[in-house]
Structure formats: C-alpha cells, structure tokens
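What follows is one structure encoded as structure tokens, with my remarks underneath.
The values are calculated or read from the model by the stated rules, or taken from the named source; none is laboratory data. Here the structure is a predicted model, which means the values were calculated and not measured. Ideal geometry is used to build each Cβ from the backbone, glycine not excepted, and the neighbour counts take in all protein chains shown.
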Amino acid sequence: MDKEKAEKLKPVRHSCEHVLHLAMTDLFPGLKRAMGPATNEGFYFDFDYDGKIKEADFPKIEKRMQEIINADLPIVKEEISIEKAKEMFKNNPYKLEWVDEIEKKGEKATIYWTGEPNKPGSDPDLCKGPHIESTGKIGPFKLLSVAGAYWHGDEKNKMLTRIYGTCFETKEELDKYLWQIEESKKRDHRRLGEQLDIFTISEEVGPGLILWLPKGTIIKEELEKFAKETERNWGYKRVATPHITKSGLYYTSGHLPYYKDDMYPPMVVDKKEEYYLKPMNCPHHHMIYKSKPKSYKELPLRLTEFGTCYRYEASGELYGMMRVRGFTQNDAHIYCTLSQAVDEFVDVMKLHEHYYKIFGIKEYHLELGLRDPKKKNKYHGDEKMWEQAEDLMRKAIKKTNIKMVEQEGSAAFYGPKVDFVIHTVTGKEYAISTNQIDLYMGKRFDLKYIDDQGKEKTPAIIHRAPLGSDERFIGFLIEHYAGVFPTWLSPVQVEVVPVSDKVEEYAKKVYNAFSQENIRVGLNNKNETLGAKIREATLQKVPFLCIIGEKEKQMSQEKGNLIVSVRTRDGKNLGQPRFDRGQIEINKFLEDLKTEIEKKI
C-alpha cells in the first residue's frame with residue numbers, strides 16, 4: 001500500500017482501535033486502557049488486565065466490535081481542562097501519566113466520545129485524534145495477534161498486553177492483506193534459509209554475522225559470477241581492497257567522527273596506530289584512483305568490487321539476512337567529468353533495470369534522499385555543491401521514467417542519494433540499493449584529472465550498488481521466489497533418484513554424466529522409499545528429478561544411450577514422444593537444461 005493511502009486510512013484505523021478498546025472494556029471488566037495508535041499497517045491497543053486474553057477470544061471481541069460499528073455511534077471531540085481530565089481518568093494511572101505530559105507542554109487535553117457525549121453508554125477516551133465522524137464509517141476489520149509490550153517500550157516498566165489489528169475500506173483489500181500476511185510467513189527468508197540449508201547465524205561467531213552454508217555459498221557465488229560478467233560487459237574494471245584501514249582515511253572522508261557510532265571500535269596497532277574495520281568501500285576506491293595521475297581520456301573510470309564491510313547495528317535492529325553487521329556489497333565508483341555524470345547515472349539506472357528483468361522484479365520505485373532543511377548543519381559541503389548534485393540527479397532520473405518520490409532528511413551527510421525500493425508480492429518494500437552523484441569526496445581526497453586544456457579538474461564520483469549486498473539481496477530473493485530459485489541459481493539443479501539398489505550403478509552413471517557437464521547434481525541413494533526421496537527433493541525445491549528404474553536401465557542398454565525419466569519440481573513429467581512412459585535421452589535433456597541455465601529463465 002502506498003504511503004498516501006495509508007495516511008488516508010489512519011483516522012479510520014484509529015477509530016477502529018477505539019471501537020476495540022470499547023469492546024474490550026465491555027467484555028473484560030477491570031481492564032485499564034494504556035494507549036493505541038493507528039499505524040501504516042493497521043492499529044494496536046495496549047492495556048493492563050489481570051486475566052489472560054488469547055487469540056481464541058478474538059471471535060467474541062470482533063462480534064462486539066461489529067455491534068458497535070453497526071450502531072453507527074457518533075465520534076465527538078471535546079477539549080477539557082487538565083483538572084477535569086485528571087478527575088475523569090483518576091482510576092487509570094496510564095491515562096494520568098499522559099495528562100501530566102500534556103500539562104508539562106502547556107496544552108489542553110482532548111477527549112473523543114464514542115457515542116453522544118455525557119449520555120449513558122457513551123465512552124470517552126483521552127486522545128489527540130484524528131477520527132472519523134461515526135463508527136458506521138469503519139470498513140472491514142480483523143484482529144491479528146496478541147503479544148506482550150512494556151509500557152513506553154521500557155523493560156523496567158510493567159508488561160502490558162497488546163492486540164494488533166487492521167482495517168481497510170473494502171473486504172477485497174482486507175482479504176488481500178490477510179493473504180499477504182500468510183504468504184509472508186511461508187516466504188520468510190529466515191525459515192526458508194534454514195529449511196533449504198542456505199545460511200546460519202551462530203551466537204559463538206556473533207549476532208548479525210552470516211555463515212554461508214554450502215548451498216547458500218553456491219547461490220552467493222553464482223550471483224557474483226553473473227554480476228562480474230555483466231559489469232565487465234558494461235565497462236567496469238574489477239579491484240579488491242582490504243577489510244581494515246587506518247583511521248586517518250575516515251577522517252579525510254568525514255566519516256570520523258560523524259559516522260563513528262555505526263563503526264566498530266578501532267584496533268590499536270604498534271601502540272599508536274588506530275585501524276578500523278571498513279564500513280564502506282568508497283575511501284579505498286578513491287585511493288586506487290589517486291594512485292596514478294589521470295587524464296580526461298581515461299574517464300569515465302568505473303571501479304567495482306564485491307567488497308566486505310562491517311557496520312555496528314543495534315541488537316534489536318538485526319533481522320536475519322536483511323539487517324546484519326557484516327556484508328559483501330556489489331559496490332562500484334565511477335569517476336567522470338561533470339558533463340558525463342548524467343549519462344553515467346542514467347546507465348546505472350539502466351543496469352538496475354537489466355538485473356531486475358533477469359530476476360523478475362517488476363514493481364519498484366526511486367526515493368530521492370534530500371537534506372532536512374531544518375538541519376543543514378548536519379551536512380558537509382556548500383549550498384552550490386548540493387544544488388548542483390541534486391540538479392544532476394533529477395535530470396538523470398527524469399530520463400529514466402522510473403517513478404520517484406522525495407524523502408527529506410534521508411540524504412547522506414555529503415550529498416543527496418537515490419535508493420531503489422523494490423516491492424514484493426507480500427506488500428513489503430525493501431530499499432535494496434543506494435546510488436549517488438557525489439561532488440564532495442573528490443575534493444576531500446584531492447582527486448584530480450587533467451582536462452583537454454591541460455588544467456587540473458576534480459572528477460564527479462558516482463556511487464552505485466545495483467544488487468546491494470549479497471546478504472540483503474539473497475534474503476530478498478529467497479522471499480521473492482519463495483525458495484523456488486530459477487535453475488541457474490539453484491544449489492542443486494538435478495537430483496538423481498534410483499528406485500532401488502538394483503539400479504544404483506546405472507544411477508551413478510547418470511550422475512557422472514551430469515557432473516561432467518558442470519550441472520550441479522545430487523544423488524539420493526538412501527535406503528528409503530521412492531516417495532520419501534521425491535518428498536525430500538520437493539522440500540529442497542530441486543528444479544528437476546531424474547527417476548531411475550529398471551525400465552530406464554533396460555532402455556539405455558537397448559538404445560546405447562543413457563535414458564532417464566525427468567519430473568519437474570511442480571510435478572510435470574518431461575519426455576520424448578517416441579517413448580511410452582515419458583522417458584528422455586539424457587543428451588536431449590542436457591541440451592534443454594543448458595539452454596535454460598544460459599538464458600537464466
């Protein structure tokens with residue numbers, strides 16, 4: 001859902017939350033209300049109750065909520081004095097705390113009545129709003145889950161109960177959202193990552209540090225191989241840089257002290273020199289550019305690497321592969337003249353779209369990160385530099401025709417940036433890649449080139465990372481594909497499944513034939529039933545199963561060629577018309593398989 005529609009729904013959802021807490025106080029006497037805002041996804045309600053409320057209670061709560069909605073009660077705002085508010089909510093310590101906060105700010109208290117004010121059965125609550133006119137205007141709703149929540153999010157405070165819910169304008173929108181929730185659970189990269197043996201995280205190694213398992217390493221390496229081949233064709237030159245550097249490099253870049261909270265503490269070497277784990281690759285690439293004098297004829301110079309970086313993320317922010325502390329980034333820096341910057345940035349956008357087409361990513365938009373005009377002292381560089389960088393980036397974005405929204409306050413400290421935000425089928429949005437036209441760092445690092453007049457000039461620098469980091473992008477791909485990776489990315493592309501021990505030697509010949517053609521192949525010769533072997537391969541989402549029985553072995557002897565029965569992971573049998581049971585000559589299958597892998601379909 002777009003942000004504009006979510007904002008439009010907030011008064012409706014906030015009103016639905018008030019209906020929830022009215023229903024709760026009716027059904028559970030003694031319950032004390034704490035707070036309950038609307039959110040971009042729905043609403044929640046925190047309360048204090050001595051008993052236990054479970055999801056099994058939701059049907060009766062929803063029934064009472066619907067009765068309140070059907071009654072079409074008015075929702076009326078009233079301003080009251082602090083004294084009256086204290087009297088009205090004297091038996092609720094949570095509301096009294098809010099009243100105290102309002103008093104400190106010198107504001108008046110506002111309450112909203114559900115029902116005619118001061119009439120029997122009407123319900124007042126301390127609230128800023130906004131709300132809709134009456135309960136009858138609340139659309140289809142659903143309670144989702146119940147959880148614990150500390151008051152004000154502070155574990156020193158009492159644990160309250162929180163109920164999450166959502167509300168939409170139409171039943172179709174609600175049904176779609178509920179489907180997305182269930183689909184998100186099925187696609188969760190943490191669950192699938194464990195099931196498919198892609199990655200693990202060890203407390204002994206450290207939270208937020210991904211351990212790539214053998215199958216996950218195949219995906220990672222195939223992704224990098226594809227990107228390296230693509231970037232070579234797009235005119236990039238590969239470099240490699242160390243994981244650590246002297247602190248002085250980050251003082252030059254301005255990351256120290258500005259970015260220090262996001263960096264790991266320094267290591268002291270030789271009792272005097274501080275070294276940091278690198279949080280980004282940019283300064284290293286700048287030093288590679290600076291290692292030899294440059295002419296305008298060498299520009300644009302596109303330097304790229306899959307560089308591993310480390311950033312400190314708070315424990316509460318870590319999330320599977322999506323928010324980590326160590327990551328390998330599909331990074332590059334393009335050094336160019338100002339006159340080349342727009343076209344180079346357009347090509348960066350086109351490279352994103354090239355990748356997205358391969359991966360079947362159809363929904364995405366750009367977010368242009370600008371300075372917060374109220375906090376300009378937070379940013380480096382002068383006004384002219386910022387205006388010029390913004391102008392160049394807007395010109396480039398305009399040429400791409402990709403939908404763009406602006407976000408004040410999300411610029412980097414040294415310049416505006418553009419994030420590619422990709423959308424999933426489950427309604428999530430991921431900012432997967434950050435890109436910039438940087439007119440600041442070239443001067444900080446004293447980078448130069450000689451122009452066609454023999455004069456020294458400072459290059460513009462384009463930062464780009466179309467595939468983001470391996471960790472975040474593969475985490476996204478797990479959910480995007482629901483674990484069903486295309487054949488070219490699948491850790492195991494073909495699983496050879498002998499029906500019994502009698503055909504095991506023939507199955508090994510088939511296995512070797514695939515292996516010799518560089519197909520990633522597995523052989524399941526466990527002492528299990530055929531059904532169990534097929535289930536295992538299906539759970540591992542292997543694209544093709546080669547089932548080997550007596551018939552295939554016999555036909556191979558008759559034809560003088562290896563014969564297999566091939567089944568796709570969705571249960572379709574492949575075969576050649578001249579065979580009676582869907583068998584296929586292995587050479588024919590290999591030809592089709594290689595074409596599919598090569599074309600990445």
For this session: Consider only pairs whose beta carbons are under 9 Å apart and that are at least six residues apart or on different chains; among these, list those whose first residue lies in segment 383-407 and is over 18 Å from S339 (Cβ atoms) and whose second residue is hydroxyl-bearing (S, T, Y).
Result: W386/Y379; W386/Y440; I402/Y364; K403/Y364
Exercise. Within the set of pairs 6+ apart or on separate chains, which have a first residue in segment 96-108 that is assigned to a helix (DSSP H, G or I), a second that is surrounded by 13 or more Cβ atoms within 10 Å (Cβ to Cβ), and C-beta atoms under 6 Å apart?
Worked result: L96/F89; W98/L126; V99/A85; V99/K86; I102/A109; E103/I82
Seminar exercise, completed: Of the residues in segment 230-245, those that are closer than 19 Å to F445 by Cα and surrounded by 15 or more Cβ atoms within 10 Å (Cβ to Cβ) come to V239, T241, T245
Exercise. Can you tell me which residue in segment 441-474 is nearest to the chain's Cα centre (by Cα), limited to those that are among the small types (G, A, S) and either surrounded by fewer than 21 Cβ atoms within 10 Å (Cβ to Cβ) or over 27 Å from P416 (Cβ atoms) (or both)?
Worked result: G442
Seminar exercise, completed: Residues of segment 162-211 being among the aromatic types (F, W, Y) and touching a helix residue (DSSP H, G or I) at 6+ places or on another chain (Cβ under 6 Å), in sequence order, are F168, F199
Exercise. Can you name the strands (runs of 3 or more DSSP E) wholly within segment 30-94 that have at least 2 residues being over 37 Å from the mean Cα position of the chain (by Cα)?
Worked result: 75-80
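K350: under 28 Å from G427 (Cβ atoms), out of contact with any strand residue (DSSP E or B) (no Cβ under 6 Å at 6 or more places or on another chain), in the same structural domain as Y296 (by TED's automatic domain parsing) and at pLDDT below 95, yes or no?
On the way: under 28 Å from G427 (Cβ atoms): yes; out of contact with any strand residue (DSSP E or B) (no Cβ under 6 Å at 6 or more places or on another chain): yes; in the same structural domain as Y296 (by TED's automatic domain parsing): yes; at pLDDT below 95: no.
When the stated conditions are applied, K350 does not pass them.
Scan segment 444-458 residue by residue and report those that are closer than 18 Å to W386 by Cβ and at pLDDT 95 or above.
From segment 444-458, those closer than 18 Å to W386 by Cβ are 444, 458; that's our starting set.
Listed by number, the list holds a single entry, T458.
In the list L477, L467, which residue meets the criterion of being among the aliphatic types (A, V, I, L, M), out of contact with any strand residue (DSSP E or B) (no Cβ under 8 Å at 6 or more places or on another chain) and closer than 30 Å to K428 by Cα? Walk me through how you get there before you give the answer.
Details: L467 fails: out of contact with any strand residue (DSSP E or B) (no Cβ under 8 Å at 6 or more places or on another chain).
The conditions single out L477.
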Exercise. Listed residues F476, F420, F445; which is closer than 18 Å to T337 by Cβ and hydrophobic (A, V, I, L, M, F, W, C)?
Worked result: F445
For this session: Identify the single condition in (1) closer than 30 Å to K357 by Cβ; (2) in contact (Cβ under 8 Å) with a residue 40 or more places away in the chain; (3) in contact with a strand residue (DSSP E or B) (Cβ under 8 Å, 6 or more places away or on another chain) that K594 does not satisfy, given that it satisfies every other one.
Result: (3)
Problem set entry | strands (runs of 3 or more DSSP E) contained entirely in segment 244-329, each with at least 3 residues that are over 30 Å from I201 (Cα atoms) | 301-310
Exercise. If you check every pair at least six apart or on different chains, which have Cβ atoms under 8 Å apart with a residue in segment 331-352 that is part of a helix (DSSP H, G or I) first and a residue that is of a type in the set (F, W, Y) and surrounded by 24 or more Cβ atoms within 10 Å (Cβ to Cβ) second?
Worked result: H352/F420
Exercise. Which residue pairs have Cβ atoms closer than 9 Å, lie 6 or more positions apart in sequence or on different chains, and pair a first residue in segment 154-168 that is over 25 Å from C16 (Cα atoms) with a second residue that is not in a strand (DSSP E or B)?
Worked result: N157/W151; K158/W151
Problem set entry | Residues located in segment 254-294, provided they are among the aromatic types (F, W, Y) and touching a Lys or Arg at 6+ places or on another chain (Cβ under 7 Å) | Y275
Exercise. When both residues are 6+ apart or on different chains and their Cβ atoms are under 8 Å apart, which pairs have a first residue that lies in segment 314-328 and is assigned by TED's automatic domain parsing to the domain that holds I198, and a second that is assigned to a loop (DSSP other than H, G, I, E, B) and aromatic (F, W, Y)?
Worked result: R325/Y312
Exercise. Which one of the conditions (1) of a type in the set (K, R); (2) out of contact with any helix residue (DSSP H, G or I) (no Cβ under 8 Å at 6 or more places or on another chain); (3) over 21 Å from I111 (Cα atoms); (4) touching a residue at least 40 places away in the same chain (Cβ under 8 Å) does K63 fail to meet, given that it meets all the rest?
Worked result: (4)
Problem set entry | Lone qualifier among Y356, Y379 - being surrounded by 14 or more Cβ atoms within 10 Å (Cβ to Cβ) and free of Cβ contacts under 8 Å to residues at least 40 places away in the same chain | Y379
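Just to be sure before I move on: is K225 modelled with pLDDT of 95 or more, of a type in the set (D, E, K, R) and surrounded by fewer than 15 Cβ atoms within 10 Å (Cβ to Cβ) in the structure I sent? Before the answer, list the steps.
Working: modelled with pLDDT of 95 or more: yes; of a type in the set (D, E, K, R): yes; surrounded by fewer than 15 Cβ atoms within 10 Å (Cβ to Cβ): yes.
Considered against the rule, which asks whether it is modelled with pLDDT of 95 or more, of a type in the set (D, E, K, R) and surrounded by fewer than 15 Cβ atoms within 10 Å (Cβ to Cβ), K225 comes out as yes.
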Exercise. From the list K215, K186, K225, which residue is touching a Pro at 6+ places or on another chain (Cβ under 6 Å), of a type outside the set (S, T, Y) and part of a helix (DSSP H, G or I)?
Worked result: K215
Problem set entry | Selected residue (criterion: nearest to E591 (Cα to Cα)) from residues of segment 555-573 that are within 36 Å of the chain's Cα centre (by Cα) and touching a residue at least 12 places away in the same chain (Cβ under 8 Å) | V566
Exercise. Conditions: (1) modelled with pLDDT of 95 or more; (2) within 37 Å of the chain's Cα centre (by Cα). Y511 meets all but one. Number of the miss?
Worked result: (2)
For this session: Could you tell me whether any residue of segment 201-223 is over 30 Å from P300 (Cα atoms), in the same structural domain as S469 (by TED's automatic domain parsing), within 25 Å of the chain's Cα centre (by Cα) and of a type in the set (D, E, K, R)?
Result: yes
